[in-house]
Amino acid sequence: MTALARVSDDLLLAAQSGDRHALTQLLVALQPDIRRYARRHCHRTSVIEDVVQEALIVVYRRVGTIRSPAALAGWLLTVIARLCMLPALMLMRGVEELASLEAARELAKVPPDELRIDLVNAIESLSPSHREVLLLRDLEDLTIWEIAGRLGVTREAAKSRLRRARALVREYLLGTKDSGREST
């Protein structure tokens with residue numbers, strides 16, 4: 001029996017209502033299944049632990065959006081699949097926005113494994129506010145309105161931060177800045 005099958009309606013409801021103990025129990029119960037899903041969906045074993053940690057963070061932050069224990073498994077699979085694909089998704093969105101063909105050619109020459117490492121480093125180099133808006137949009141797939149509400153900023157401010165975060169990631173990947181770190 002998987003931990004998902006053991007997650008009761010009561011435990012999920014308690015976690016959703018803000019009960020810290022229930023939330024901790026939920027995260028502990030889900031961790032083995034999250035790790036198993038990550039092993040199945042991630043093509044590189046080196047990212048499994050990162051995906052597990054990020055998935056637990058997503059559960060922690062979004063537990064209130066889960067409809068029922070029955071919906072939990074499908075929701076978790078979607079989260080984990082997105083986390084495993086995050087470097088590819090970020091790269092595709094960034095490449096679409098590249099200003100020049102030369103920059104696209106430069107990125108195309110980088111081996112995929114190196115590009116993934118560079119992408120993780122680029123995201124880590126962002127200020128917390130830029131990293132947060134980027135992950136909310138590209139990982140959690142929130143709308144600009146949802147991001148603005150979550151961050152307590154205007155829609156325009158959220159769009160501006162997201163645009164700047166993506167520009168900083170591109171600059172980092174293209175080597176046009178030493179660190180890409182920017183203050184808010």
Exercise for review: At 1.4 Å probe size, with no ligands or nucleic acids counted, give the accessible surface of Asp138 in Å², nearest ten.
Suggested key: 10
Check your understanding: Each label point is 7 Å from the Cα along the Cα-to-Cβ direction; what then is the distance between the points at Ile144 and Arg61, in nm?
Key -> 2.0
**Study point:** With all protein chains modelled, accessible area of Thr154 [1.4 Å, Å²]
**Key:** 80
Point to revise | Förster radius 35 Å - calculated FRET efficiency between Gln31 and Glu132 (Cβ-Cβ, nearest 0.05) | key: 0.90
Check your understanding: How much area per residue is accessible in region 20-74 when the probe is 1.4 Å and only protein heavy atoms are counted (Å²)?
Key -> 57
**Study point:** Gain on full stretching of the segment that runs from Asp10 to Arg163 - 0.36 nm per residue minus C-alpha separation
**Key:** 51.0 nm
Practice item. Rounded to whole Hz and in sequence order, give me ³J(HN,Hα) for region 163-170 from the Karplus expression 6.51 cos²θ - 1.76 cosθ + 1.60, θ = phi - 60°, writing x for Gly and Pro. Key: 4, 5, 4, 5, 5, 5, 5, 4
Study note, to complete from the structure: The correct ranking of Tyr172, Tyr37 by accessible area at 1.4 Å, largest first, is Tyr172, Tyr37
Check your understanding: How much accessible area does Ile66 have with a 1.4 Å probe, in Å² rounded to the nearest 10?
Key -> 10
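The values are calculated or read from the model by the stated rules, or taken from the named source; none is laboratory data. From a predicted model like this one, the values you see are computed outputs, not experimental measurements. Note that each Cβ is placed from the backbone with ideal geometry, even for glycine, and that neighbours are counted across all protein chains shown. Just the protein is used for accessible areas: all its heavy atoms, side chains included, with ligands, DNA and RNA removed. Shrake-Rupley method; radii C 1.70, N 1.55, O 1.52, S 1.80 Å.
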